[in-house]
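Below is one structure, written out as structure tokens; the observations come after it.
The values are calculated or read from the model by the stated rules, or taken from the named source; none is laboratory data. Note that the coordinates shown come from a computational prediction; the quantities given were computed from them, not determined experimentally. Cβ placement follows ideal geometry from the backbone for every residue including glycine, while neighbour counts extend to all protein chains displayed. Ligands, DNA and RNA are excluded from the accessible area calculation, which covers all protein heavy atoms including side chains. Shrake-Rupley method; radii C 1.70, N 1.55, O 1.52, S 1.80 Å.
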Amino acid sequence: MTDNILWQPTQDQVQATAMYQFMQAMNTKHGLALQTYLDLWQWSVEDLELFWTEIWDYFEVIGQKPTSALLTGQLPDAQWGQGAKVNYAENVLRHARQLADTEAVVGLDESLNRTVLTWKQLNEQVGAFAHHLRSTGVGPGDVVAAAIPNIPQAIVALLGTAAVGAIWSVVNVDFGVTGIVSRFKQLAPKVLITIDALELGGKLRNQTDDLDALLTQLDSVGHHILVENAGTDVSDTVAEITAQHQVGTTRYADIIAQPREPVFEPVEFSHPLWVLYSSGTTGTPKGIVQGHGGTVLEIAKSFGLHYRVPQGAPVYICTSTTWMLWNMQVATLITGAKAVTYSGAVFAGGPERQFEILASEQVAFYGCGAAILTGVQESGFIPKDHYDLSHLTDILVSASPLPARTWRWVYDAVSPNLRLRSDSGGTDVCSVFVGSNPMDPVRINELMGPALGVAADVYDETGTPVTEQVGELVITKPMPTMPLYFWNDNDGARYRDAYFSQDPHIWYHGDFATKTDRLSFVIHGRSDATLNRGGIRMGSSDLYQVVDALDEVTASMVIGAELDDGGYYMPLFVVPRDPQIDPEALKAKVIEAIRTELSPRYVPDEIIIAPGVPMTKTGKLMEVPIKRVFQGMTPEKVATETAAEPDVLKWFLNYASNYSK
């Protein structure tokens, strides 16, 4: 094929898509002549209020419509849905009665034991969970925090929390006590949900031992819920632990034992739905708050138009609960699709695990981080030679850029008849900025274009839009899922500093990107200090808390650099307290601390003994400029006059420059 095209839909396939049918409906209703995806996108961003109003009407959003304009104001102070009432859970569960006895959620553990919830069961368990929360005094605005993996109970708990109008927040168990507390403590949760154990990496990992430490530090918790995920019968032990903290505890199994029809609390359009978290690169992870109404509109658009799959078709996204792709997995239910969850190790049993799931569950739509596909490719495993993947129509890749060789590999080794989607968005909006659509061809390394309703562009260092040139990915108009606010950011200063420091009305996302002549996009990687190894974002501050706490260490700095060959390099620089210390012994102690106190995924590729860490005169680590030198930027472009210790900065610049040669 020419022009790097790997796959192209036929005209019949295009016309059969929900997006094409929506476009024709808009042509008829508004006297338009839209013919292509870019025509539709252009219309969607020229009149945002009209577009999002049409999304509300077309997908029959359940709720009370706004009393005035759906959108008023500009970034960063745009107001959405004033006077509207809506509930996220009510909209997600809209198909419960129609599809009552069909499968809604399938849960797989690492041994591939299968747990099933029909739509009727899901609906009634959500009702029971919401009833229990209300019975313990939880109401709109209270926080329910969960330290649980990607299991069906997590979906029930989220929807039950949303039904009440309470605020949901979840962190995967592999963050450890330190990572969980750093996120939850700032929220002062009223309820804490934990599990007994988790099968991971061929072992049963006890999580009960963490409960005492969690409750010691999360002193706002008044009620605990135990999900007996592994059936280890620890309820008596848990009761003893919670009693020591004067906290009541209830078994999840007891909560759902009495099925109930859910009662949905109608809340304001911008009532907080959940708190997601920034990566924590500059301190405590920021709590990013998103609302009911904006999220409902976004998932109706995304899963109704961009990712439409037939009712009942299985959707499997390989994700942890901490990643926003988990929220997207739950959102697939809004179209009547079936959500498949998996809580085991990504490559349990070997590189074939993911494709084993795709085949056994006859998955239609698969989502994953780019590192999963490259990992299977590098193993030499050829999925199509071992599994029937004829049901697979779409693969969505996110988190990091997919190497060109892996784009080709998907069509050679998986299937020549699927749509490979690469999308780029963020936890910040729990959505997509630029990515795929069902009407355009698949090209190597390219994201097809901006998402509907997203005014995405690329600006150079002067704030000028550029084409066919590397620049900063920006968003120039409001999106309904942009944060309502950051938690504990009463004056909005941290929110504005995060995205609007370069222009008071333009969202700078922190990605290097190129916009092509045909308005597709190429994402080159993060321009900030976020760690993004293996498709999972991690916070450097979490790592610093552990490493810098060691008596033998005075300071540390970690870098995560996306490389031109598709690789990722994550070195940790450590400054020893005693210059004469055995470096190998120090490295071993650092690794052990990271594994024990944090997570094995934070273990760096290399530990390097350094003379100091580069900091600005105002005391900020200079992670970003060092990262850029690792990625090939010349050291001369780094402003050495801002460094508190120029000699230390020079050492790092030399090291990074030599590595990139």
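Suppose a student asked you for the relative contact order of the chain, using Cα pairs under 8 Å spaced at least 6 residues apart; what percent would you report?
Relative contact order here is 13 percent.
In whole Å, how far is the Cα centre of segment 391-439 from that of segment 105-181?
Each part's Cα centre sits 28 Å from the other's.
On the accessible surface of the chain, probed at 1.4 Å, how many percent belong to carbon and sulfur atoms?
48 percent
Step through the residues of segment 237-244 one at a time and calculate ³J(HN,Hα) from phi using the Karplus curve (6.51 cos²θ - 1.76 cosθ + 1.60, θ = phi - 60°), rounding each to whole Hz and writing x for Gly and Pro.
Computed from phi, the couplings for segment 237-244 are 4, 5, 4, 5, 5, 5, 4, 4 Hz.
Show that you can apply the helix-only estimate: for the chain, add -39,500 (n - 2.57) for every DSSP H stretch of four or more residues, divide by all residues, and state [θ] at 222 nm to the nearest 500.
Rounded to the nearest 500, the figure is -8500 deg cm²/dmol.
Go through Val442, Asn150, Thr596 and say which Cα lies farthest out towards the positive end of the charge dipole of the chain; charges sit on Cβ, +1 for Lys and Arg, -1 for Asp and Glu.
Of Val442, Asn150, Thr596, it is Val442.
Given R₀ = 51 Å, what would the calculated FRET efficiency be for Ser68 paired with Asp219, taking r from the Cβ atoms and rounding to 0.05?
0.75
Below 20 Å, Cα to Cα, which lysines can Lys637 reach? Residues fewer than 8 away in the same chain don't count.
Counting by Cα, and skipping residues close in sequence, Lys637 has these lysines nearby: Lys617, Lys620, Lys627, Lys650, Lys661.
Using a 1.4 Å probe and counting only protein heavy atoms, arrange Asp564, Asp423, Asp12, Asp47 so the residue with the most accessible area comes first.
These residues rank, largest area first, as Asp564, Asp12, Asp47, Asp423.
Quick one: if you stick a label point 7 Å off each Cα along the C-beta vector at Thr640 and Thr136, how many nm between them?
For Thr640 paired with Thr136, the spin-label model returns 5.8 nm.
Ala413: net charge of surrounding residues, Cβ under 10 Å, Lys/Arg +1, Asp/Glu -1, itself excluded?
Net of charged neighbours comes to 0.
Roughly what % antiparallel, to the nearest 5, for the DSSP beta bridges in the chain? Each step should come with its number before you reach the end.
Working: 57 of 99 bridges.
So the antiparallel bridges amount to about 60 percent of the total.
Using +1 at the C-beta of Lys and Arg and -1 at the C-beta of Asp and Glu, which of Gly222, Gly453, Thr17 has the Cα lying farthest in the positive direction of the dipole of the chain?
Checked the options; the winner is Thr17.
Quick check: residue separation of Ile5 and Ser390 times 0.36 nm, minus the Cα distance between them. What number comes out in nm?
In short, 136.5 nm is gained.
So how do Trp43, Trp119 rank on accessible area, 1.4 Å probe, biggest first, that is with the largest at the start?
Trp43, Trp119
Using 7 Å Cα-to-Cβ label points, what is the Asn445/Asn27 separation (nm, one decimal)?
Computed distance between label sites Asn445 and Asn27 equals 3.5 nm.
Taking θ = phi - 60°, what integer Hz values does the Karplus form 6.51 cos²θ - 1.76 cosθ + 1.60 yield along segment 446-463, in sequence order, with x for Gly and Pro?
After applying 6.51 cos²θ - 1.76 cosθ + 1.60, I find 10, 8, 4, x, x, 6, 4, x, 10, 8, 8, 8, 10, 10, 7, 5, 9, x Hz.
Cα atoms only, the chain: Rg and Dmax in Å?
24.3, 78
Cβ under 13 Å from Thr36's Cβ, Thr36 left aside: what net charge do those residues give with Lys, Arg +1 and Asp, Glu -1?
That sum, taken over residues with Cβ under 13 Å, equals -1.
When the chain is fully extended, how far beyond the present Cα-Cα distance does Glu592 get from Ser657, taking 0.36 nm per residue of separation?
So the extension gain works out to 20.5 nm.
If you take the beta carbon distance between His524 and Ala78 as r and set R0 to 30 Å, what does 1/(1 + (r/R0)^6) give as a FRET efficiency, to the nearest 0.05?
Taking R0 as 30 Å, the efficiency between His524 and Ala78 is 0.55.
About the Cα centre of the chain, how large is the charge dipole given +1 on each Lys and Arg Cβ and -1 on each Asp and Glu Cβ? Please answer in debye to the nearest 20.
With only Lys, Arg, Asp and Glu charged at Cβ, the dipole is about 700 debye.
In Å², and per residue, what accessible area does segment 1-131 have when probed at 1.4 Å with the other protein chains present?
47 Å²
How long is the gain from Arg205 to Ser501 if the chain were fully straight, where each residue apart is worth 0.36 nm and the alpha carbon distance is subtracted?
Values: separation 296, 0.36 × 296 = 106.56 nm, distance 4.35 nm.
Gain in length upon complete extension: 102.2 nm.
Straight-line reach from Lys65: which lysines have Cα under 30 Å away, leaving out those fewer than 8 places along the same chain?
Partners within reach: Lys29, Lys85, Lys120, Lys301, Lys338, Lys477.
At what distance in angstrom do the alpha carbon centres of segment 1-80 and segment 215-254 lie from each other?
Spelled out, the Cα-based centre of one part sits 46 Å from the other.
Note down the net charge around Val432, summing +1 for each Lys or Arg and -1 for each Asp or Glu among other residues with Cβ under 11 Å from its Cβ.
0
Between the alpha-carbon centers of segment 449-500 and segment 353-379, tell me the distance in whole angstrom.
32 Å
Considering only DSSP states other than H, G, I, E and B, which GluC sites (Glu not before Pro) in segment 34-113 qualify as loop sites with at most 10 other Cβ atoms within 10 Å? If you can, show how the numbers build up before the last one.
Details: sites: Glu46, Glu49, Glu54, Glu60, Glu90, Glu103, Glu110; in loops: Glu60, Glu110.
Here the GluC sites (Glu not before Pro) that fit, given the DSSP loop and packing criteria, are Glu60.
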